[in-house]
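These notes are about the structure you will find just below.
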Amino acid sequence: MAPLDNLPPGTLRILQITDTHLYAGPDGTLLGLNTLASFADVLRQALSEAGQADLILATGDLVHDASPEGYRTAAGMFSKAGCPVYCIPGNHDIPKVMERHVIRDGVSAPFAVRQGPWLLVMMDSTLRKGEGGHFTQEELKRLKRALDENRDTHVMICMHHQPIPVGSAWMDTMQIDNADKFLRIIDQYDNIRCLLWGHVHQTFDRERKGVRLLATPSTCIQFTPNQDDFGIDNQPPGYRWLGLLPDGRIETGVSRLPKVPPGIDFSSFGY
């Protein structure tokens, strides 16, 4: 049975799609990979095999060149998913451009959404100039207000950049630079169940002080985990499904395409 269809009643069923890296044109490639074709394949597989989702979380780097055309392409594809899609900007996105061109037909970019016993918070960790992550003081204040107003819910906080090191030195230079302030806020609340992010193009699943920490493969190229220097992993693109149960527990898994798409330049030293 499809994993999302095999969960208890009242479960909030989610698909996470991340780091699609689309371009203005349909032939755009990232290190040799056609990102639009790969995204289409992953989305098609997710919608066909995971079961009926209540919503999709698109956790950043939607469009590699931050073009209006790329965002309109993403919106057009997401709008056919049959459920709401919530978008978060990544370091390759320009938030204002993203919001202007991606919001339509069930695709939006809210800060917080409450569904049943769960609150989803979607934070902007992007810097105006730079690849790394940062939470502005206003973003942290918005988070604290949302948490104070929803102490009776379970909470999952979503972002693009990683708030803790993932074990790859080159990638961890781009983690959230003021994560200590963020984590001090997190530690004040006992109803936060999960932190979810993209950016790292790999699977990550840990726990910190009872809070689940999750990252997810990209729909295009994958980065080699636990490696200090840049490297492309020989793993297919994928997505994550999540079941947020009414009692606060989380069921989740990662699924990938059957094989690595053609064209990837595995000899690259960066992008």
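Structure notes:
- Number of the condition not met by residue 51 [criteria: (1) over 21 Å from residue 217 (Cα atoms); (2) touching a residue at least 40 places away in the same chain (Cβ under 8 Å); (3) in contact with a Leu (Cβ under 7 Å, 6 or more places away or on another chain)]: (1)
Residues checked against (1) in a loop (DSSP other than H, G, I, E, B); (2) without any contact (Cβ under 8 Å) to a residue 24 or more places away in the chain; (3) closer than 24 Å to residue 192 by Cβ:
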residue: 93; (1), (2), (3): yes, no, no
residue: 96; (1), (2), (3): no, yes, no
residue: 101; (1), (2), (3): no, no, no
residue: 113; (1), (2), (3): no, no, yes
residue: 121; (1), (2), (3): no, no, yes
residue: 124; (1), (2), (3): yes, no, yes
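- Scanning the range 168-182 for residues that are crowded, with 17+ Cβ neighbours inside 10 Å, more than 15 Å from the chain's Cα centre (by Cα) and either part of a loop (DSSP other than H, G, I, E, B) or charged (D, E, K, R) (or both) yields 168, 174.
- Inspection of the range 14-23 identifies no residue that is of a type in the set (Phe, Trp, Tyr), surrounded by fewer than 18 Cβ atoms within 10 Å (Cβ to Cβ) and in contact (Cβ under 8 Å) with a residue 24 or more places away in the chain.
- Residues within the range 225-244 that are surrounded by fewer than 18 Cβ atoms within 10 Å (Cβ to Cβ) and touching a residue at least 40 places away in the same chain (Cβ under 8 Å), tallied: 5
- The strands (runs of 3 or more DSSP E) falling completely within the range 189-246 that include 3 or more residues that are touching a Lys or Arg at 6+ places or on another chain (Cβ under 9 Å) and modelled with pLDDT of 95 or more map to 192-197, 211-215, 238-244.
- Checked against (1) free of Cβ contacts under 8 Å to residues at least 12 places away in the same chain; (2) buried (at least 19 other Cβ atoms within 10 Å of the Cβ), residue 165 passes all but condition (2).
- Some residue of the range 85-102 being under 28 Å from residue 249 (Cβ atoms), small (Gly, Ala, Ser) and modelled with pLDDT of 95 or more: no
The values are calculated or read from the model by the stated rules, or taken from the named source; none is laboratory data. Please read these numbers as outputs of a predicted model, since none were measured by experiment. Heads up, the Cβs are rebuilt from the backbone with ideal geometry, glycines too, and the neighbour counts pull from every protein chain shown.
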